[in-house]
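Please read the structure below before turning to the comments.
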Amino acid sequence: MRLLEHEAKTILKRFNLPVPRASLVVSGGDAPDTPVVLKSQVPVGGRGKAGGVVLVRDNRQMTETIDQLFGLDIKGFKPMAILAEEILEIESEFYLSLVIDRNAAAITLMANKNGGVDVEDQTDFKSWQVDGTRSSADVTGALVAEYFRLESHQFALQDLIENLVDCFIKSDATLLEINPLVLIKDGDLVAGDCKMELDDAAAFRHPDWSFQDVVADTNFVELSRSGNVATIANGAGLAMATVDAVADSGLKPANFLDIGGGASEESVLLAFERIMEYDGIRAIVINIFAGITRCDEVAKAIIAAQRQLPNLPPLFIRLAGTNFEQAKQLLEERSITLLPTLEQCISAAKKEIEG
Ligand code: GDP
Ligand code: MN
């Protein structure tokens with residue numbers, strides 16, 4: 001699962017990594033004091049170039065900028081929140097990341113002395129194998145300091161790398177990227193941005209993980225912005241089969257979505273919200289074969305979605321498995337019909353769309 005920047009920075013802070021002072025702005029909430037940098041919290045990069053990072057120095061521009069950011073779509077995402085941070089007076093921007101080298105069964109630290117929004121254009125990344133020890137951080141920190149030409153910051157870099165690797169390992173991360181790592185005018189190094197991906201399979205040992213909005217995104221794959229049918233299924237195999245069946249019928253699937261085993265009402269509701277970001281959806285095909293997942297949880301989410309999402313397209317639902325009877329009763333009480341097979345769901349959706 002990919003975290004939002006503010007979630008990732010909260011974790012960094014816990015590991016004594018330097019992050020800017022920050023607060024979170026939600027729609028309709030209090031505006032922060034100027035000067036401040038406002039950053040759209042969407043789970044994709046390239047926000048700077050898309051206009052999703054704005055420095056506000058004048059209070060009179062605050063409301064307008066906040067409204068503008070909440071309305072700004074970045075690669076298909078609009079933010080649920082905006083991160084408001086103290087402005088960093090930037091001297092230089094560096095790139096640091098930790099990734100897993102699967103072949104070597106090791107962690108690799110990658111660095112580039114030209115960090116910032118154009119880092120994709122760089123070809124000459126340096127990399128070193130690191131582990132969680134102090135000596136590894138000392139050696140690598142000295143090399144990074146030399147490469148960055150920041151010899152005066154060697155101790156800071158050694159500490160930073162030690163904490164970064166510690167954070168990576170203890171958080172069960174699969175990616176931890178600081179870009180930019182900012183050298184500010186008065187001399188300190190600060191994580192200007194952070195991209196972090198966590199290993200979903202490790203969730204069982206992190207009861208503190210509650211990144212609901214991102215969790216629901218985990219198994220969502222966009223197939224087409226112009227699709228006319230959204231799909232919701234559980235299990236990657238069933239989800240793929242559902243997408244294939246929709247496409248075979250001549251309709252255009254917008255997405256692949258595997259809600260996963262043990263999906264809760266909350267996470268399924270978030271899936272609906274995600275689907276509502278697509279403009280051309282005329283039908284939602286729901287195909288659940290419940291094992292660990294419970295049909296009644298899915299049914300409750302469907303009911304909540306119908307109540308909360310005013311423009312929800314027609315639903316074509318096939319449920320089977322655990323707690324089917326409870327689900328059927330819940331849905332029937334609200335006059336939501338179930339169809340016995342996926343085939344029938346798809347032909348009903350086709351009729352809805354093509355008349
Ligand atoms: P991304 O484009 O999604 O990676 O978003 P970033 O958080 O990395 O911000 C993009 C760029 O905006 C950075 O590389 C900086 O150049 C600039 N930026 C972000 N925060 C600040 C800040 O506090 N002060 C200044 N001067 N520039 C900033
Ligand atoms: Mn960045």
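Observations on the structure shown:
- Amide hydrogen neighbours beyond the local backbone of Val56, cut-off 5 Å, H modeled: Val36, Val37, Leu38
- Here region 237-311 is treated with +1 on each Lys and Arg Cβ and -1 on each Asp and Glu Cβ, and its dipole about the Cα centre works out to around 160 debye.
- Listed residue pairs exceeding 27 Å between alpha carbons, taken from Lys170/Lys300; Lys195/Lys300; Lys9/Lys126; Lys113/Lys195; Lys75/Lys170; Lys78/Lys328: Lys170/Lys300; Lys195/Lys300; Lys75/Lys170; Lys78/Lys328
- In this label model, Asp124 and Ile292 are separated by 4.8 nm, measuring between points 7 Å along each Cα→Cβ vector.
- Calculated FRET value between Ser226 and Met80, using beta carbons and R₀ = 35 Å, to 0.05: 0.90
- Global geometry of region 217-355, whether rounded, prolate or oblate, following the gyration tensor of its Cα atoms and the 1.5 cut on a/c: rounded
- Dipole-positive endmost among Leu17, Gly28, Leu38 within region 1-68 (Cβ charges, Cα centre): Leu17
- Extension reserve of the Asp131-Ile336 stretch, reckoned as 0.36 nm per residue once the Cα distance is removed: 68.3 nm
- A crude spin-label estimate for the pair Ala202 and Lys185, with each label 7 Å from Cα along the Cβ direction, gives 3.9 nm.
- Approximating the spin labels as points 7 Å out from Cα along Cα→Cβ, the Lys351-to-Arg21 distance works out to 6.3 nm.
- Selection among Ile169, Gly262, Leu198 by position relative to the dipole of region 147-302 gives Gly262 as farthest towards the positive end (Cβ unit charges, Cα centre).
- Cβ-derived FRET efficiency at R0 30 Å, Ala320 paired with Asp172, nearest 0.05: 0.35
- Under a model in which nothing but the beta-carbon of Lys, Arg (+1) and Asp, Glu (-1) is charged, the chain shows a dipole of about 760 debye around its Cα centre.
- Annotation: amide H of Ala254 within the under-5 Å range of Asn228, Val229, Ala230, Thr231, sequence separation 5 or more or interchain, hydrogens built in the peptide plane.
- Based on Cα contacts under 8 Å between residues 6+ apart, the chain shows a relative contact order of 13 percent.
- Contact order relative to length of region 1-151, as percent, for alpha carbon pairs under 8 angstrom and 6 or more apart: 18
- Expected 222 nm ellipticity per residue - DSSP helices of 4 or more, -39500 (n - 2.57), all of the chain, to 500: -10500 deg cm²/dmol
- The charge dipole of region 172-315, taken about its Cα centre with unit charges on the Cβ of Lys, Arg, Asp and Glu (plus for the first two, minus for the last two), comes to roughly 580 debye.
- Between the amide H of Asp193 and those of Asn179, distances stay under 5 Å, these residues lying 5 or more places away or on another chain, with hydrogens modeled in the peptide plane.
Quick note: the coordinates plus some simple rules give every number you see, no bench work behind them. None of these values were measured; they are calculated from a predicted model. When we count neighbours, we look across all protein chains shown, and the Cβ atoms used for this are built from the backbone with ideal geometry, even at glycine.
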